[in-house]
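Input: a single structure, listed below in structure tokens.
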Amino acid sequence: GISLKRKENRCPLLAKRSIHCSVQQSPPPAWPGRAVLEPDRKTWDGQKPISIIGSTGSIGTQTLDIVAENPDKFKVVALAAGSNVTLLADQIKTFKPQLVSVRNSALANELREALSGVENKPEIIPGEEGIIEAARHPDAVTVVTGIVGCAGLKPTVAAIEAGKDIALANKETLIAGGPFVLPLAQKHNVKILPADSEHSAIFQCIQGLPEGALRRIILTASGGAFRDLPVEKLKDVKVADALKHPNWNMGKKITVDSATLFNKGLEVIEAHYLFGAEYDDIDIVIHPQSIIHSMIETQDSSVIAQLGWPDMRLPILYTLSWPDRIPCSEITWPRLDLC
């Protein structure tokens, strides 16, 4: 069955953060307690052009899985990767982007050699310049920010300034730059669409919510790799143990952060910036199965939840297809059996 356990003790770090924020003017949230589709916003017909920042990482490869399964819905116009030239070359051959970047400039020639027999080669721009150009590619409509850490901030800003919607999988962008990024997105009329499973769940729950109806955000946490480990054994754990997440297939950094629950603290900050909720109105519950991805409580005490299989492709897909829902194959996309 599905189980939930409330985490009563608040994190001192977040308490300090709340006090700090009280002396600053809060930036405009991406979605102020509700998500309402503008009357003039149209759904996308045909292939939506996307750029992927961090294409060889966990988010990037899963995004490309979505593109491969929906070639009539999406096309890749730009890819940016770190140093995995072999995988990047394979992605280029499969998805035929117009522009690519490899962050490690020393590997640019190696990438060119790997593409020596490819017709219609993409433009290759190495280094940070290339990542920025991929983020603001003129044909891209949505940019997937799957790069890890604060390195994602500059390309996200570049994409926003170019008027691209952001499929946000890089939480550090808001945690480090929320007070700057959010007003910038508002200025350029850019939508920040959360790709984290928890924040995607909240985003889905607030669709069409009346103004002022949101009372509380309830983030779920699996508990990570060490949730059932006795405290006295924690001193003996290794990195390999932390990387054995019981439910999710994710990158190494976020998997380790999940094991220590540090990631959940970051997600509280991200939820604050995305939805405008005060920190005291964001709760965390332990839910080992990761079937309920998060919940909201409305002013009439109703609780609305989003459920789904623990597969990161689902929230990524929603950032790419919003406000539409794209039919998925039952062969590759598990469906919940609640009976």
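The values are calculated or read from the model by the stated rules, or taken from the named source; none is laboratory data. Fair warning: this is a prediction, and the values are worked out from it, not measured in the lab. Here the Cβ positions follow ideal geometry from the backbone for every residue, glycine too, while neighbour counts run over all protein chains shown.
Scanning the stretch 184-193 turns up at least one residue that is touching a strand residue (DSSP E or B) at 6+ places or on another chain (Cβ under 8 Å), within 21 Å of residue 322 (Cβ to Cβ) and surrounded by 24 or more Cβ atoms within 10 Å (Cβ to Cβ). Name the residue that is nearest to residue 168 (Cα to Cα), counting only residues in the stretch 300-312 that are surrounded by 12 or more Cβ atoms within 10 Å (Cβ to Cβ) and of a type outside the set (Val, Ile, Thr). Top of the filtered list is 312. If I filter the stretch 277-287 for residues that are out of contact with any Asp or Glu (no Cβ under 9 Å at 6 or more places or on another chain) and closer than 27 Å to residue 70 by Cα, do I get at least one hit? Among the residues of the stretch 277-287, not one is out of contact with any Asp or Glu (no Cβ under 9 Å at 6 or more places or on another chain) and closer than 27 Å to residue 70 by Cα, which makes the answer no.
Set side by side, the residues 200, 222 differ, and just one is among the hydroxyl-bearing types (Ser, Thr, Tyr), closer than 30 Å to residue 302 by Cβ and surrounded by 24 or more Cβ atoms within 10 Å (Cβ to Cβ), which is 200. Screening 244, 233, 264 for residues that are in the same structural domain as residue 298 (by TED's automatic domain parsing), buried (at least 19 other Cβ atoms within 10 Å of the Cβ) and of a type in the set (Lys, Arg) leaves exactly one candidate, 264. Residues that are touching a residue at least 40 places away in the same chain (Cβ under 8 Å) and closer than 30 Å to residue 323 by Cβ were ranked within the stretch 100-135; the one that is farthest from the chain's Cα centre (by Cα) is 133.
For the stretch 66-99, name all the residues that are buried (at least 18 other Cβ atoms within 10 Å of the Cβ), under 18 Å from residue 140 (Cβ atoms) and over 23 Å from the mean Cα position of the chain (by Cα). Matches in the stretch 66-99: 98 only.
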